[in-house]
Amino acid sequence: MKAWLLTNRMIGFETQTLGVAEAMGLAPELKGVSAPAPWRWLAPWGPAAPDKSIAPPWPDLLIASGRQAIPYARMIRRRSQGKTFVAVLQDPRVSPANFDFVWAPKHDLLDGPNVLSTLLSPHRVTPERLAEEAKRIASAIMHLPHPRICVLLGGTNAVYRFDEAAAGRVGRMLSGLADETGGGLMITPSRRTGASAERIIGAAVQDKPHVMWNGAGDNPYFGYLGSADTVIVSCDSVNMVGEAIATGKPVHVIELEGGSRRFRRFLDAVYAAGLARPFSGRLESWPCRPLNATWEIADAIARAMSLRRAAKQ
């Protein structure tokens, strides 16, 4: 099967489409779009800007994600005369009827006959990847005592603030946690964390058993997740919270200043399902189970494609 993944190259959208494609056993072609004005301003409602890389022969399957990709997804479905099965990840902000399949997180409250909603988002976390990456970084963390605590740091976004004050609070909590548990910290910042916040947190844990990724070389993100006894993750990324939950380990969520009704619905649902708990500065233990929506989404797309093929025969 020929498959395209279409995004604006933002890591969150690309990770979700890759995760679904990999779960379907596909080797997709990645397509990135970056429309100039005024097309960029009109997305997702307006037409697609001319782009030489988006041209026939059209794929059998298109998985698109992100506002800028939506005009191209509509165009491909129309120009392929329905031969390309078009799946969209995330709320497209236009009618789902424009596509063959839409996945949206439950906290978006999107509904429709071709819409699948799940509590968690798709991602690339699998037991095999976690085991492989944990083995790859084993020598770099062999000095860390147990419990080994993976810390996933996000940063300021449209609704949350991760400023110096927040970094100081997080640093103090992590330092105290290392003292209380005698464990080792495995900390990986994101692109949004910022140099100032990284410095503050790094200084707070400098005399504690820890490793902290400095941005050089491969990100040990999956390795830390695979090696951890427990996970602490900041609340500003639905993707990171879902990836932590997919490990099946206790997940503690750092709540930051700010928020929105969408994020609140998501976090409250995760807590209510027993998949994570707010981080109070102490480690908690409870019966945990891995939950991975990626396979459910991939299976739903495959079944929808099969049903469409059967209907045309």
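The values are calculated or read from the model by the stated rules, or taken from the named source; none is laboratory data. It should be emphasised that the depicted structure is a prediction, and the values quoted were computed from it without experimental measurement. Positions of Cβ are generated from backbone atoms using ideal geometry, with glycine treated the same way; all protein chains shown enter the neighbour counts.
Contact annotation: residue pairs with Cβ atoms under 6 Å, 6 or more positions apart or on different chains, pairing a residue in the stretch 219-246 that is touching a residue at least 12 places away in the same chain (Cβ under 8 Å) with a partner that is in a strand (DSSP E or B) and of a type in the set (Phe, Trp, Tyr), are 236/160. Considering the stretch 281-313, and only residues there that are free of Cβ contacts under 8 Å to residues at least 24 places away in the same chain and either in contact with a His (Cβ under 7 Å, 6 or more places away or on another chain) or outside any helix (DSSP H, G or I) (or both), the residue that is nearest to residue 116 (Cα to Cα) turns out to be 313.
It is to be established whether one or more residues within the stretch 233-250 are in the same structural domain as residue 84 (by TED's automatic domain parsing), over 17 Å from residue 124 (Cα atoms) and among the polar types (S, T, N, Q).
Narrowing the stretch 233-250 to residues in the same structural domain as residue 84 (by TED's automatic domain parsing): none.
Looking through the stretch 233-250, none of the residues is in the same structural domain as residue 84 (by TED's automatic domain parsing), over 17 Å from residue 124 (Cα atoms) and among the polar types (S, T, N, Q).
For the criterion of being within 20 Å of the chain's Cα centre (by Cα) and not hydroxyl-bearing (Ser, Thr, Tyr), residue 298 passes. What number of residues in the stretch 259-280 are in a loop (DSSP other than H, G, I, E, B) and not aromatic (Phe, Trp, Tyr)? Final tally of qualifying residues: 7. The single condition among (1) under 22 Å from residue 170 (Cβ atoms); (2) within 16 Å of the chain's Cα centre (by Cα); (3) not assigned by TED's automatic domain parsing to the domain that holds residue 228 that residue 253 does not satisfy is (3).
Sort through 3, 43, 64 and tell me the only one that's crowded, with 19+ Cβ neighbours inside 10 Å, out of contact with any strand residue (DSSP E or B) (no Cβ under 7 Å at 6 or more places or on another chain) and not acidic (Asp, Glu). Full working, then the answer.
On the way: 3 fails: out of contact with any strand residue (DSSP E or B) (no Cβ under 7 Å at 6 or more places or on another chain); 64 fails: out of contact with any strand residue (DSSP E or B) (no Cβ under 7 Å at 6 or more places or on another chain).
Exactly one of 3, 43, 64 is crowded, with 19+ Cβ neighbours inside 10 Å, out of contact with any strand residue (DSSP E or B) (no Cβ under 7 Å at 6 or more places or on another chain) and not acidic (Asp, Glu), namely 43.
Kindly check whether there is at least one residue in the stretch 283-291 that is modelled with pLDDT of 95 or more and among the aromatic types (Phe, Trp, Tyr). No. The listed residues are 221, 271, and the only one of them that is at pLDDT 95 or above and either in contact with an Asp or Glu (Cβ under 9 Å, 6 or more places away or on another chain) or crowded, with 22+ Cβ neighbours inside 10 Å (or both) turns out to be 221. Screening residue 190 with (1) of a type in the set (S, T, N, Q); (2) modelled with pLDDT of 95 or more; (3) under 14 Å from residue 254 (Cβ atoms) gives one miss only, at (2).
Which of (1) surrounded by 18 or more Cβ atoms within 10 Å (Cβ to Cβ); (2) under 21 Å from residue 132 (Cα atoms) does residue 216 not meet, given it meets every other one? So the condition that residue 216 fails would be (1). Could you grab the pairs with beta carbons closer than 8 Å, sequence gap of 6+ or different chains, first residue in the stretch 116-136 and β-branched (Val, Ile, Thr), second one assigned to a loop (DSSP other than H, G, I, E, B) and modelled with pLDDT of 95 or more? Once the first residue is β-branched (Val, Ile, Thr) and sits in the stretch 116-136, its partners that are assigned to a loop (DSSP other than H, G, I, E, B) and modelled with pLDDT of 95 or more give 125/246; 125/247. Taking the criterion of being in a loop (DSSP other than H, G, I, E, B) and closer than 23 Å to residue 25 by Cα, the residues of the stretch 120-141 that qualify are 120, 121, 122, 123, 124, 125, 126.
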